[in-house]
Every structure is written in C-alpha cells, then in structure tokens.
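Encoded as structure tokens, the structure appears first; notes follow it.
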Amino acid sequence: MRTSRNLISELSPLLIALLVIAADRLTKVLIQRSFNAFDMVSIIPGWLRLVHTENPGAAFGVLADGNPWLRSGILIGVSTLVLVFVASALFYRSGSFKGAASRLGLSLILGGAVGNLYDRIAHGAVTDFIEVYHRGWSFPAFNLADSAITVGACLLLVDILLPHGKPAPNESPFVPK
C-alpha cells in the first residue's frame, strides 16, 4: 500500500521536471516578447547580459549551418532518445541512479531536455538569452533549460563518483577489493 509520503517521493521528480519546463517556457516567452533578435541588456556590466538569440543547432551552435531537415531530424531524434533513457532511469530506479542527487539530477535533465525539445519542434530553434562575457571573450548564449541540464549532469557525476556507504576502517573506498 502506498503512503502519501511514498507517493510524494515518487512524484517529486516529475514535479521538479514540470517546474523546470514551466520556468523555461516562461523565461523564453518573456525574452521573445520583450526583445528583438540580438537586443542586449547588461545585468552585471562586463560579465553578464541578456541577449535574444535563436539557435537552430545543438549546443554551441553545432549543426546550425547544416541542412535544416537533417539537422531537425538528428536533434529531435537524439533528444527523444535522451528523454527515454532519462525517464526510464528515473522512474524505474535502475542501476546507479537510486540516490537523491541522481534523482534530482535526472529530474533537472528531464525538464531541461523537454523544454529545449519543445522549442525545436514548435519553432525549429531554441531561444537562448543568457550570455556570460568578459572583455573580448564570451561564452555562447544559453537558457534555463541548458542550465538545468548542466546542473543535473553535474549532480549525476558527483553521485556516481563519490563513494556510497562507509568503508571498513582498514579499507580504502577508492581501491577495488
């Protein structure tokens, strides 16, 4: 029998993903309605600005100049495969993804991937608007979904790489038995 605590625990990854999707959509719609393409507003002068860009390619503009039909097919297909993997790892609690950090990480990745996939399907490009820069250097613009995916991936790495459980007093957690 499921208790309300178990139900909340099972639904929390989905709720987190839905919050990421909603926040991502809201921020992208606000940028699209408030900014023309390539308009910029400095948030922290010399370091951080909002800029409205539309990226038809993958991260860092990879594939942006390719055949639009092929690019869309590849990016939507890869995104769908990632969604299936993440959802199955999250909801079937498989393998190494049982810890709280892994579940949070997968939830963030799921929400971010759905947010960007929506843009690709609905608009053919992903709206990016956060740009970190300094002097002549700038990091490619990104969005809230990209941030959620990045934080989620970092949480997965931390959870996978850190030892779980307490080793015996004379046993190293880093050396295989």
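Things worth noting here:
- Judged by the mean number of other Cβ atoms found within 10 Å, the most tightly packed of the peptides 101-112, 45-56, 119-130 leads the ranking 101-112, 119-130, 45-56.
- Segment A153-V84, extension gain: residue separation times 0.36 nm, minus the distance between their alpha carbons: 23.2 nm
- Each peptide among 18-26, 79-87 gets the average number of other Cβ atoms lying within 10 Å of its residues, and from highest to lowest they stand as 18-26, 79-87.
- Its Cα gyration tensor gives region 34-161 an equivalent ellipsoid. The semi-axes, each the square root of 5 times an eigenvalue, are 28, 20, 11 Å from largest down.
Here, each number is a calculation from the coordinates, and none is a lab measurement. In this text, all values refer to a predicted model and were calculated from it rather than measured experimentally. Counting neighbours? That spans all protein chains shown, and the Cβs are built from the backbone with ideal geometry, glycine included.
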